[in-house]
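The values are calculated or read from the model by the stated rules, or taken from the named source; none is laboratory data. What you see is a predicted model; the values in this text were computed from it and never measured. Glycine gets a Cβ as well: all are built from the backbone with ideal geometry, and neighbour counts include every protein chain shown.
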Amino acid sequence: MLPVIALVGRPNVGKSTLFNRLTRTRDALVADFPGLTRDRKYGQAKVEELEFIVIDTGGIQGDEVGIDALMAEQSLRAVDEADAVLFLVDARVGLTSADQGIAEHLRKQNKKVMVVANKTDGIDADSACGEFYALALGEVYHIAAAHGKGVRQMIDAALEEFQEENPIVDEVDEYEFALDHDDEDEERIAAEQERLAKLPIKLALIGRPNVGKSTLTNRILGEERVLVYDMPGTTRDSVYIPMERDGREYVLIDTAGVRKRKKVNETVEKFSVIKTLKAIEDSNVVMLIIDARDGISDQDLSLLGYTLNSGRSLVIAVNKWDNMTEYDKDRVKTELDRRLGFIDFAKIHFISALHGTGVGHLFESVDEAYTSSTKRISTAMLTRIMGMATDDHEPPMVGAHRVKLRYAHAGGYNPPLIVIHGNQVKKLADSYKRYLMNYFRRSLGIMGTPIRIEFREGS
Ligand code: GDP
Ligand code: GDP
């Protein structure tokens, strides 16, 4: 499971500057998909090879009121869900009574808290930060969020005890990193593909409250043989439910907590963005459930943004398709086209979790998406397809020269990354890049997963 880090501190200490720095690398992935609402409170963070979820709690005000009132309920919940808390203070301003109020509150939590003095650029950090030891929260870390100084060390320290990985993730990761794409031969690829086909597919069922996640989970489990009942997890984690269907193994990542409830009428779990983010990151395929009766909400789009950001495969289920008038069906389809038209790779299913209509077909798309995202493709094959694409439609001229594409190889999987080497590649128009991407998608039969293409100058 990905660790969760919460940023707390009074306004203006640099929380959002740090948040932006930590999430920047991952944001680059969604840059290709304009029009998505992103929730800037939650982010998928990456610092070099370290991945985690970061929450900007905001909301904590100055020292005018008692600390209990200061910590907005949301911030409290975020701290509660976090594995570690970075408590930011301003090295230029020095220690304030608001800082002391926040520290007092944090000391009462049974949680890892680190004091982080920000804005240490261009000042004598050691002498400026000495006073923060009075917060009695141990070591004071020095950073300059605006410049990245000290950030890696701070994150290393924050994640120290949370680096242990989920065993199910490890199994897949091993395959992801064991491959050296350059000397892959067809035989080795076939063997690899066979092995991947035997791994359970981790399928996260996500969606905002009331879209029908629990109903769908129960429907799926009612029809299939559940291999093991409930894998253990903490209250704030999803439940992992291994199951089998048509000879294929899956692990359902149940964010609605269906299996955690002892009785049917027990209160439904609170929706949690953090839980959903963890489920996405830990899955192979995400199933985003949308309520046909409500249309597409901003919250749907922000969940979609997180999924695209993670690079995971995606299947969309438009639920509650029962009892809809033809007029309403048309209206929903038009809205889907208008607002989700840019995600042309994901299959959209219209289902009724309540009646079971269309539920079986969901798995065809899940399997297809998984196969696509993990598909091993040789350098020879990619270069051949690239050659066909450029034969059909030559790259444009740049001044007196034509952009020349030399060869292509796989740079990674899940999502597939294709690296193209050539001359003047930086000058390729976006429209030509899109043409190439679609050409690869069609030629390789890749559905359900985004494809990334990276261009490199020279050989
Ligand atoms: P927040 O209210 O805690 O989210 O704080 P912001 O991230 O909005 O930052 C408040 C101000 O501090 C902005 O003007 C930032 O440019 C500035 N700031 C943030 N980090 C640094 C830093 O490392 N060095 C300096 N000199 N200024 C910073
Ligand atoms: P969750 O919060 O996403 O887990 O949503 P639930 O599974 O608890 O469903 C919320 C409500 O929508 C319940 O009253 C369900 O009976 C209803 N519901 C779920 N799926 C369908 C469906 O396919 N059709 C209709 N008509 N109602 C549904």
Evaluation of A400 against (1) within 26 Å of F455 (Cα to Cα); (2) within 16 Å of ligand 2 (Cβ to nearest atom) (one fails), failing number
(2)
When residues of the stretch 362-394 are filtered for being under 25 Å from the mean Cα position of the chain (by Cα) and in contact (Cβ under 8 Å) with a residue 12 or more places away in the chain, how many remain?
15
Could you pull out the residue among R339, R293 that is basic (K, R) and in a helix (DSSP H, G or I)?
R339
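For L137, are the conditions met, namely being out of contact with any Asp or Glu (no Cβ under 7 Å at 6 or more places or on another chain), away from ligand 1 (no atom under 16 Å from the Cβ), in a loop (DSSP other than H, G, I, E, B) and hydrophobic (A, V, I, L, M, F, W, C)?
It is true that L137 is out of contact with any Asp or Glu (no Cβ under 7 Å at 6 or more places or on another chain), away from ligand 1 (no atom under 16 Å from the Cβ), in a loop (DSSP other than H, G, I, E, B) and hydrophobic (A, V, I, L, M, F, W, C).
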Per-region count, the stretch 313-336, residues touching a Phe, Trp or Tyr at 6+ places or on another chain (Cβ under 9 Å), within 16 Å of ligand 2 (Cβ to nearest atom) and assigned to a helix (DSSP H, G or I)
2
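Identify, from the list R10, R21, R92, R26, the residue that is buried (at least 16 other Cβ atoms within 10 Å of the Cβ) and at pLDDT 90 or above.
On the way: R10 fails: at pLDDT 90 or above; R92 fails: buried (at least 16 other Cβ atoms within 10 Å of the Cβ); R26 fails: at pLDDT 90 or above.
Every option except R21 fails the conditions.
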Residues in the stretch 104-128 that are within 21 Å of E160 (Cβ to Cβ) and either at pLDDT 90 or above or surrounded by fewer than 18 Cβ atoms within 10 Å (Cβ to Cβ) (or both): how many?
11
Condition met for I206 (touching a strand residue (DSSP E or B) at 6+ places or on another chain (Cβ under 8 Å), modelled with pLDDT of 95 or more and surrounded by 13 or more Cβ atoms within 10 Å (Cβ to Cβ)):
yes
Of the residues R219, R152, which single one is in a helix (DSSP H, G or I), within 16 Å of ligand 2 (Cβ to nearest atom) and modelled with pLDDT of 90 or more?
R219
Six or more apart or on different chains, Cβ under 8 Å: which pairs go from a residue in the stretch 422-445 that's touching a residue at least 24 places away in the same chain (Cβ under 8 Å) and basic (K, R) to one that's surrounded by fewer than 17 Cβ atoms within 10 Å (Cβ to Cβ) and outside any helix (DSSP H, G or I)? Could you list them?
K426/E457; K427/V398
Say whether the condition of being within 25 Å of the chain's Cα centre (by Cα), at pLDDT 85 or above, under 18 Å from L303 (Cβ atoms) and buried (at least 17 other Cβ atoms within 10 Å of the Cβ) is met by at least one residue in the stretch 181-203.
yes
